[in-house]
Amino acid sequence: GKQGRSSVVVEWKKVTRLCHTKPLLTVNGKYPGPTIAVHEGENVVIKVTNSIAKNTTIHWHGIKQFRTGWADGPSYITQCPIKGGSSYTYNFTVVNQRGTLLWHAHHSWQRASVYGAFIIYPRMPFPFSAPIHAQLHIIFGEWWNVDADIMASEMMKYGSGPNFSDAYTINGFPGPLYPCSIKDTFSYTVEHGKTYMLRIINAALSEELFFAISNHTLTVVEVDATYTKPFTTSAIMLAPGQTTNVLLTANQIPNSSATFVMAARPYRTSVFPFDNSTTIAFLRYKMKNTSLYVPSDLSVHNLPVMENTEFATQFSHNLRSLASPQFPCNVPKQIDKRVIVTISLNLQDCPEHKICKGLNNKSFYASMNNQSFVRPSISLLESYYYKKKLLNPTKYSLDFPQKPPREFDYTGVDSLKENMNTEFGTRVLELAYDTDLEIVFQGTSFLNVENHPIHVHGHNFFVVGQGFGNYDVRKDTESYNLVDPPERNTVGVPTGGWAAIRFKADNPGVWFVHCHLEEHTSWGLAMAFIVKDGPTESKCLLPPPKDFPSC
Ligand code: C2O
């Protein structure tokens, strides 16, 4: 097929927001980074040059990377980082995928500013009839007045949590509700009567967000680059790592004040102090004399309030795969294996290598099935690949705990004690090629403050079930949706609840699974799985590229 070549540079750039100027890590000096737009079936070749004095990597979030795990990007999982002064060429083909995704740095906390839209233009026409006048992307992010990488390393050293960001942003701009930001407001002009496609991306580090536009409804047509049955809603919700395409018809009467407010704010079920601020952008109707009118009322009445779990639950319930003859839903009806994975955040006694101030001399950790994931010193994928060739000792073991620490009882005080015994390790789950897998992610009750958006690399999955409380295999499997479950790459596991996903493990390589809230990944809320080579050459992992970085 087609080939698209490009070349980008990771570099520092002085950027000002909220009246703070700081050197910001960027791609090509842009914040957010450049949009990468490709065509379905295209071979994408992107040379990334690292011009900063520290390591970096780039991840193409949601791209399946069939046989090309070497181009996936998470540091120490599929590659060693690109060192300062060197470059690496990511080379992959976009097979049978179309829609809106994102790319972002996948090393330390660099994705705080190193991110952008990744758009795959479809080979076939959109499966909905509305004529699209124009497309735009809306990317949510967060701005810190401090350096995010430094904040991340201090957080790890002190065993604490990170400080809240100073602003949420839309396309890099905080908007008029933040100090010193009226000029830093994203604005888009529409024509009355026309329909637009908004490609909405949550690239924030730490919050699921609601989004709405005053006086307008949104028709959801796609999530995570897979088509959905269209449905119209007053607002949408998306977790970090998730994307949503909506259709917007500019059907309001244009008059001299035809500026409408687009707004995003967090959904959270928190017992801790939180940041409930709102980022705003403007939707303007094209007029003869378009003035830069700022509406006096900046509220968006259709934007759900914080902690609106009813809206959140209903919204995810409304998401259904298109499941048409042209875009069928290939959810495994039978499974070969079910793995229950508990998700837990906890506090442990301060280890020797940390200086735990506050928190009663304790440090934050997070775990899956009681294992707090430790990144190895060389990438798992290399370690796996060269082990086959008997060239290198492995840096992992194949005994990821396949049972939660205690069967389905994570309520009450006892779970607290249990959660104190987290083990640290790099144990992975090994799967035969073509395994029809089900994973049930079960939230536990200790430090139960928010949903966990769990992201799986290398595969899309189907969300066949979701619920509150403890998963019950006898009862809950009966209510699974095996007809038109949404297909995604990131699922918000409800706080104090569970989500069951299914997929065919048909992509050979090593794949990361982690919470897309950045602090949780730093604390170890992650695992990895190996999919072994298939029976024929075309189902085997390709060899690494020549310029593959070494550790
Ligand atoms: Cu969007 Cu592992 O990341």
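Summary of values
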read-out	value
Folded to 0 to 90 degrees: helix 148-158 orientation relative to the chain principal axis, Cα	40 degrees
The chain: Cys lacking any partner C-beta under 4.7 angstrom	Cys329, Cys515, Cys540
Scaled radius of gyration (Cα, divided by 2.2 N^0.38 Å) that the chain gives	0.93
Simple label model, 7 Å out from Cα along Cβ direction - Arg123 to Asn96, nm	1.1 nm
Ordering of 68-80, 527-539 by burial proxy (mean other Cβ atoms within 10 Å per residue, highest first)	68-80, 527-539
Convex hull volume of the stretch 1-160 per residue (C-alpha atoms, cubic angstrom)	141 Å³
Per-residue [θ]222 nm for the chain (sum of -39500 (n - 2.57) over DSSP H runs n ≥ 4, rounded to 500)	-2000 deg cm²/dmol
Straight-distance crosslink candidates among aspartates and glutamates, where the alpha carbon sits under 17 Å from Lys357 and sequence neighbours closer than 8 are dropped	Glu154, Asp349
Protection proxy ranking of 322-333, 484-495 - average other beta-carbon atoms within 10 Å, highest first	484-495, 322-333
Between 0 and 90°, nearest 10: helix 309-318 axis offset from the chain longest Cα axis	80 degrees
Ranked packing of 395-403, 451-459, most packed first, by mean Cβ within 10 Å	451-459, 395-403
Value of Rg/Rh across the stretch 127-320 [Cα atoms, Kirkwood radius]	0.98
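Readers should treat all values here as calculations from the given coordinates under stated rules, not as data from a laboratory. Keep in mind it's a predicted model, so treat the numbers as computed, not measured. Don't worry about glycine lacking a Cβ; one is built from the backbone with ideal geometry, like all the others, and counts go over all protein chains shown.
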